[in-house]
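Before any comments, here is the structure.
The values are calculated or read from the model by the stated rules, or taken from the named source; none is laboratory data. Quick caveat: nothing in here was measured; it's all calculated off a predicted structure. Note that we place each Cβ from the backbone using ideal geometry, even for glycine, and neighbour counts take in every protein chain shown. SASA here: full protein model, heavy atoms, side chains in, ligands and nucleic acids out. Shrake-Rupley method; radii C 1.70, N 1.55, O 1.52, S 1.80 Å.
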Amino acid sequence: MSLRAGLREEAVLLDLVRTVDLLSRPFVQLFKAEGLSGTQYNVLRILRGARGAGLTCGEIAGRMLTRDPDITRLLDRMEQRGLVARSREERDRRVVLTRITENGLEVVGRLDEPVREAHRKLLGHMGAERLAALSELLSACREGLN
């Protein structure tokens, strides 16, 4: 690999990091207004998507956008706030399922429109074709990492 190629890769990586930081800022503020972190919001969306079925810690962790090394403590804090509830499975008492509560549904529901609006403000100017191309490039980048 030439030095020039390495510099190009470094420049692209730095561009990605800067872009993620800029794109994340509005969401940090939205979630903070509800007393949530981005990770907690992600858990609420995952559990809402499970439609009351309940998920194990491992299933939640596998669906997270970002890795959280201590999902159990995260769920502990969310349970203390009444956003989620955990219970043992009757068929296998070793299995603990987490479900979103009514309070959790209300919180994540209040964020739906502000989050959609933030998506539009942040990326709407790019247009469908450029967004599709960007999504394809980012997907190709992730494929190389798996």
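State yes or no: is G35 of a type in the set (G, A, S), open to solvent by 40 Å² or more (accessible area, probe 1.4 Å), modelled with pLDDT of 95 or more and assigned to a loop (DSSP other than H, G, I, E, B)? Considered against the rule, which asks whether it is of a type in the set (G, A, S), open to solvent by 40 Å² or more (accessible area, probe 1.4 Å), modelled with pLDDT of 95 or more and assigned to a loop (DSSP other than H, G, I, E, B), G35 comes out as yes.
Applying the set (1) surrounded by fewer than 12 Cβ atoms within 10 Å (Cβ to Cβ); (2) within 16 Å of R45 (Cβ to Cβ) to N146 leaves exactly one unmet item: (2). With respect to the stated conditions, L65 is under 30 Å from L123 (Cα atoms), open to solvent by 70 Å² or more (accessible area, probe 1.4 Å), part of a loop (DSSP other than H, G, I, E, B) and touching a residue at least 12 places away in the same chain (Cβ under 8 Å). For A50, the conditions (1) in contact with a Gly (Cβ under 9 Å, 6 or more places away or on another chain); (2) touching a residue at least 24 places away in the same chain (Cβ under 8 Å); (3) among the aliphatic types (A, V, I, L, M) all hold with the exception of (1).
Filtered by the rule that a residue be buried (at least 16 other Cβ atoms within 10 Å of the Cβ) and either part of a strand (DSSP E or B) or out of contact with any Gly (no Cβ under 7 Å at 6 or more places or on another chain) (or both), the range 97-113 gives L97, T98, R99, I100, G104, V107, V108, L111.
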